[in-house]
Amino acid sequence: MQFGKQDYEAIAVAIREAEKKTSGQIVCVLAHAASGYVHVPVLWATALALFVPWPLIDFTPMSVQRIFLIQLAVFIVAGLLFSWMPLRLLLVPRALQRARAHRAAIEQFMIRSVSHTKNRTGILIFVSLAEHAHMRDSEIAAGFTAAIARCGEVLAQHAPPDGSPNELPDRLYIM
């Protein structure tokens with residue numbers, strides 16, 4: 001993911017422009033992944049390694065020691081293979097990905113003090129690329145500016161400007 005100075009500036013300008021029309025605040029966060037899903041390779045490698053001995057016991061005359069070594073080798077190779085992030089993400093259920101992204105967004109909402117704005121009119125735009133944000137690397141800034149503009153319109157309807165100062169930094173946070 002390449003993000004240049006002009007991309008950061010475009011997002012900051014979009015936030016400033018949207019916030020001129022409202023008393024609300026907009027915060028943008030971009031995450032590579034909402035979670036590392038470090039448990040996934042171990043779980044899948046364990047499941048595969050536990051399955052491997054049964055056909056070997058039933059259909060081959062191999063010794064217990066040989067079957068155990070094959071099982072151990074399968075566990076190690078599968079663990080390393082499933083550690084590759086693109087494959088790891090394919091093995092994570094979609095519901096778990098959504099839950100982790102939601103949790104990460106809530107954490108960022110609290111960390112960035114969006115909930116502590118005047119009249120509690122802050123909005124967080126949280127994008128996690130690994131959980132299929134549907135944003136191509138070259139279109140991330142454009143996606144954020146479009147989302148900011150739309151959020152600004154909604155905020156302007158429900159929280160018109162009241163002369164209060166800008167409470168939160170107008171910038172993109174990258175996790």
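The values are calculated or read from the model by the stated rules, or taken from the named source; none is laboratory data. Every value quoted in this text rests on a predicted model; they were computed, and no experiment measured them. Don't worry about glycine lacking a Cβ; one is built from the backbone with ideal geometry, like all the others, and counts go over all protein chains shown.
Quick notes on this one:
- Annotation: of all residues in the range 103-126 being part of a helix (DSSP H, G or I) and on the phi > 0 side of the Ramachandran plot, the one that is modelled with the lowest pLDDT is N119.
- Going through (1) assigned by TED's automatic domain parsing to the domain that holds D162; (2) part of a loop (DSSP other than H, G, I, E, B); (3) of a type outside the set (V, I, T) one by one, M62 falls short only on (1).
- Within the range 60-82, the residues that satisfy the criterion of being surrounded by fewer than 16 Cβ atoms within 10 Å (Cβ to Cβ) and under 28 Å from the mean Cα position of the chain (by Cα) are I76, V77, L80, L81.
- Residues in the range 153-175 that are in contact with a Lys or Arg (Cβ under 6 Å, 6 or more places away or on another chain) and of a type outside the set (D, E) were compared, and the one that is surrounded by the most Cβ atoms within 10 Å (Cβ to Cβ) is A156.
- Subset of the range 26-59 (residues that are in a loop (DSSP other than H, G, I, E, B) and loosely packed, with under 12 Cβ neighbours inside 10 Å): V38
- In the range 152-175, residue nearest to the chain's Cα centre (by Cα) [restricted to those that are among the aliphatic types (A, V, I, L, M) and outside any helix (DSSP H, G or I)]: M175
- Just so you know, in the range 109-121 the residues that are touching a residue at least 60 places away in the same chain (Cβ under 8 Å) and within 14 Å of R171 (Cβ to Cβ) include one that is farthest from the chain's Cα centre (by Cα), and it is V114.
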